Amino acid sequence: MTESPDRVAIVTGAGRGIGAAVARQLAADGFAVGLLDLDQSGCEAGAEAITGDGGRAVGVGVDVSDTDSVEAAVRTVAERLGAPTVLINNAGITRDNLLFKMSDEDWDSVIGVHLRGSFLMSRAVQRHMTEQGWGRIVNLSSTSALGNRGQANYSTAKAGLQGLTKTLAIELGKFGVTVNAIAPGFIVTDMTAATAERLGVPFDEFQKAAAQEIPVRRVGKPEDIANVVSFLVSDRASFVSGQVVYVAGGPKA
Ligand code: NAP
């Protein structure tokens, strides 16, 4: 448990993968958790599991790239759990392709979910944080922010999130709000499974090959990210803001 059991956290993209693990960890840390996802049934199941373990949680459907949907979802969390003062901008998609094959839709949808989504969510939740004089935002960037073949849209969005992180840290610091980013390397989720499938490589072989390139010689698990989130949202991290933490088993990927 944390020192502040009444605090309310929102995790976007919490229906599966990294977001689901982060929601479980924050609940274990004593936060009430709003699990937001495009797939309402996935996040409702996660919320029920947390409630079954004695925590407080609610699953709410949202499209983070849509202003009205974001405003409604944040309002629902505030009404059902209390004012949210922790926000984990985790929802994400990939639409990989080399530049000459990348469609307008591939570009717009990836920028829309990651960049516009994190902007809309942060704007909607910051009013609760500034009112309370305390808050934490953690944005999910990626090692792809450093550049990755076939990911012009995604690497641009993930680099952009690092700029958003540093700017919000500067703007919100005086309200007791810290803003940081985590840049994961290879984490075993549906997202990396989809990449393996697109490349026509069995997922276990894809993981083995990736592990050979990672200094600690293993691929990451969603819990590796959840552990770092747990620290960044705690009171112990109150002097850490505007930072990008690469969680990749090595210095970059
Ligand atoms: P994932 O398993 O594909 O999960 C992504 C989640 O985001 C899904 O539950 C998805 O909902 C949700 N989502 C997508 N679009 C949304 C929208 N418009 N509104 C609300 N929710 C939406 O991905 P993951 O691997 O856990 O990745 C989580 C985050 O970490 C992403 O930002 C990703 O870019 C980042 N990351 C992942 C890795 C990795 O190796 N896995 C590495 C670096 C960074 P649906 O289920 O309804 O589609």
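The values are calculated or read from the model by the stated rules, or taken from the named source; none is laboratory data. It should be emphasised that the depicted structure is a prediction, and the values quoted were computed from it without experimental measurement. Every residue, glycine among them, receives a Cβ derived from its backbone with ideal geometry; neighbour counts consider all protein chains shown.
Listed here are the residues, each with its yes/no results for (1) crowded, with 17+ Cβ neighbours inside 10 Å; (2) in contact with a Pro (Cβ under 9 Å, 6 or more places away or on another chain); (3) not assigned by the TED database to the domain that holds I18.
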| site | (1), (2), (3) |
| --- | --- |
| E197 | no, no, yes |
| Q212 | no, no, yes |
| V233 | yes, no, no |
| A237 | yes, no, no |
| A248 | yes, yes, yes |
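Of all residue pairs spaced 6 or more apart or on separate chains, none has beta-carbon atoms under 6 Å together with a first member in the range 237-250 that is modelled with pLDDT of 95 or more and a second member that is buried (at least 18 other Cβ atoms within 10 Å of the Cβ) and of a type in the set (F, W, Y).
Residue check: is A83 touching a helix residue (DSSP H, G or I) at 6+ places or on another chain (Cβ under 7 Å), away from the ligand (no atom under 12 Å from the Cβ) and either small (G, A, S) or assigned by the TED database to the domain that holds T195 (or both)?
Criteria met by A83.
What pairs come out if I take residues in the range 106-128 that are in contact (Cβ under 8 Å) with a residue 60 or more places away in the chain and pair them with residues that are among the hydroxyl-bearing types (S, T, Y) whose C-beta lies under 9 Å away, six or more apart or interchain? Listed pairs, sorted by first residue: G117/T12; G117/S65; M121/T12; V125/T85. Does A47 satisfy being on the phi < 0 side of the Ramachandran plot and within 13 Å of the chain's Cα centre (by Cα)? Considered against the rule, which asks whether it is on the phi < 0 side of the Ramachandran plot and within 13 Å of the chain's Cα centre (by Cα), A47 comes out as no.
Filtering the range 39-58 for residues that are among the basic types (K, R), surrounded by fewer than 24 Cβ atoms within 10 Å (Cβ to Cβ), in a helix (DSSP H, G or I) and in the same structural domain as F231 (by the TED database) leaves an empty set.
State whether one or more residues within the range 101-112 are within 28 Å of A237 (Cβ to Cβ) and either out of contact with any Phe, Trp or Tyr (no Cβ under 9 Å at 6 or more places or on another chain) or more than 14 Å from the ligand (Cβ to nearest atom) (or both). No, because not a single residue in the range 101-112 is within 28 Å of A237 (Cβ to Cβ) and either out of contact with any Phe, Trp or Tyr (no Cβ under 9 Å at 6 or more places or on another chain) or more than 14 Å from the ligand (Cβ to nearest atom) (or both).
Hey, can you tell me all the residues within the range 153-185 that are among the small types (G, A, S) and under 20 Å from G250 (Cβ atoms)? Reasoning before the result, please.
Taking the range 153-185 first, the residues among the small types (G, A, S) are 155, 157, 159-160, 163, 169, 173, 176, 181, 183, 185.
Scanning the range 153-185 gives S155, A159, A181, A183, G185.
Among the residues of the range 133-162, just one is surrounded by fewer than 18 Cβ atoms within 10 Å (Cβ to Cβ) and closer than 18 Å to L232 by Cα, namely G133.
A residue that is modelled with pLDDT under 95, within 15 Å of the ligand (Cβ to nearest atom) and part of a helix (DSSP H, G or I) occurs somewhere in the range 199-212. The combined condition, being charged (D, E, K, R) and at pLDDT below 95, is not fulfilled by D29. Taken over the range 39-48, the criterion of being near the ligand (Cβ under 7 Å from one of its atoms) and over 18 Å from M121 (Cα atoms) is satisfied by G42 alone. Restricted to the range 9-38, and to residues there that are in a strand (DSSP E or B), crowded, with 24+ Cβ neighbours inside 10 Å and among the aliphatic types (A, V, I, L, M), the residue that is nearest to the ligand (Cβ to nearest atom) is L36. Just one of the listed residues (T178, T143, T130) is closer than 30 Å to E79 by Cα and within 18 Å of the chain's Cα centre (by Cα), and it is T178. Restricted to the range 154-183, and to residues there that are more than 16 Å from the ligand (Cβ to nearest atom) and among the basic types (K, R), the residue that is nearest to V110 (Cα to Cα) is K166.
The single condition from (1) surrounded by fewer than 24 Cβ atoms within 10 Å (Cβ to Cβ); (2) within 23 Å of S155 (Cβ to Cβ); (3) within 9 Å of the ligand (Cβ to nearest atom) that S69 fails is (2). So which of S144, S238, S155 is small (G, A, S) and over 30 Å from K101 (Cα atoms)? Every option except S238 fails the conditions.
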